[in-house]
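The values are calculated or read from the model by the stated rules, or taken from the named source; none is laboratory data. No experiment lies behind these values; they were computed from the predicted model shown. When the accessible area is computed, the model is the full protein with side chains, heavy atoms only, and any ligands, DNA or RNA have been set aside. Shrake-Rupley method; radii C 1.70, N 1.55, O 1.52, S 1.80 Å.
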Amino acid sequence: MALYRDGKFESDSWRRLEADELPEEGHVLLSLAEWRRFTAEQKSSNIAFGVVLEPGETAEMIAEDLPRLSLVAVSFPKFTDGRGYSTARILRDRYKFAGELRAVGDILFDQAQLYGRSGFDSLDIKDVVTIKLLESGRKPVMTHFYQPGEEPEIKDSKSPWRRRSTSQA
């Protein structure tokens with residue numbers, strides 16, 4: 001997979017846990033089940049922890065742990081599964097999660113702008129076409145939205161639910 005953040009691809013310092021033992025240092029990305037197996041002592045080590053939320057696993061399930069997490073990755077196994085967008089908004093709005101929020105899985109070019117509007121900082125992309133389009137410098141551009149986003153917006157005077165991005169004004 002390719003990690004896309006701030007308009008460019010970069011290397012990923014996060015690693016999945018390959019055994020039941022934690023390394024002494026680094027950035028470790030765990031499933032929710034793996035995270036729950038560790039003791040409070042292990043969780044207070046010098047390791048930066050991240051948790052992957054799969055569909056059906058909610059932000060509420062990790063709410064108490066958010067101060068200890070540096071990364072929350074939200075899985076999109078299929079591009080048609082939009083539950084992760086709601087999870088991102090809940091993490092940012094309700095729980096004020098300020099760490100990295102990453103979308104992983106079936107990330108498509110047309111939806112890249114919507115991930116940012118939902119609060120994601122980075123995308124872990126496996127779709128070859130999306131990777132090629134972003135590498136070539138192309139950016140998906142939508143100017144009108146029906147949901148509020150993280151960016152500054154202008155409300156439409158005729159339709160109160162419609163918004164226009166100020167970056168596209």
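Points worth noting:
- For PHE76, the residues whose modelled amide H falls within less than 5 Å of its own, excluding neighbours fewer than 5 places apart on the same chain, are VAL104, GLY105, ASP106.
- Prolate/oblate/rounded call for the range 34-146, Cα gyration tensor, a/c under 1.5 rounded: prolate
- Cα centroid separation, the range 1-29 to the range 42-67: 15 Å.
- Sequence of MET61, MET1 when ordered by accessible area, the most exposed leading, probe 1.4 angstrom: MET1, MET61
- Potential extension, SER136-SER45 segment - 0.36 nm per residue separation minus Cα distance: 28.7 nm
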